[in-house]
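Taken together, the values in this text are just the output of simple stated rules run on the coordinates, not laboratory data. Computed from a predicted model, the values in this text were never measured in an experiment. Counting neighbours? That spans all protein chains shown, and the Cβs are built from the backbone with ideal geometry, glycine included.
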Amino acid sequence: MTKRNVAELAIGVLWAIGAGAQTFDTLRHSEKFYGDMANLAWIRPARQLIEEVLLPNSVAVTVWVIVFQAAVAIAILARRAAAGPALVAGGVFSIVGALTASPVGTVSYLLLAAIHFRLARSRNQALTVP
């Protein structure tokens, strides 16, 4: 098994764990979750977005996040053609997370986005090399 395959599987499992945590914890405490997120956000427009859009719709937003995270996990873990686009989608989601996080969270999310994009690029190169 290549390093890329191991990394993709690890990222897929991470998304599955995220979907599970959202389902079994965040969904029950969504208002607190998004309130805490707003308090930690260090980028003012992101904090306002969280307070004005996500927080009042916390349950619906959490359901959509669960659906998204589960779909990304399934696509990556299935190891088929959809894995590449799912990695890109996960990278974009991580960038959004970076914009709504604390300073340390921003760095972590940007690192995670870079890993997603590198894996997607690597996957694409592996598919196009004769």
Once both label points are put 7 Å beyond Cα along the C-beta direction, the R28-V63 separation in nm becomes 1.9 nm
Once you place label points 7 Å from the Cα toward the Cβ at A82 and L111, how far apart are they in nm?
3.0 nm
In whole Å, what is the distance between the alpha-carbon centres of segment 32-46 and segment 84-129?
21 Å
The summed charge of the V53 Cβ neighbourhood (under 15 Å; Lys/Arg +1, Asp/Glu -1) stands at -1
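Quantify how much of the Cα-Cα distance distribution of the chain extends past 19 Å, in percent.
51 percent
Between beta-carbons, use under 14 Å as the cut-off and find the net charge around R4, counting Lys and Arg +1, Asp and Glu -1. Write out the running numbers ahead of the final one.
Working: positive: K3, R79, R118, R121, R123; negative: E8.
Local charge sum for R4: +4.
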Expressed in nanometres to one decimal, the distance between label points 7 Å along Cα→Cβ at I43 and V6 is 3.3 nm
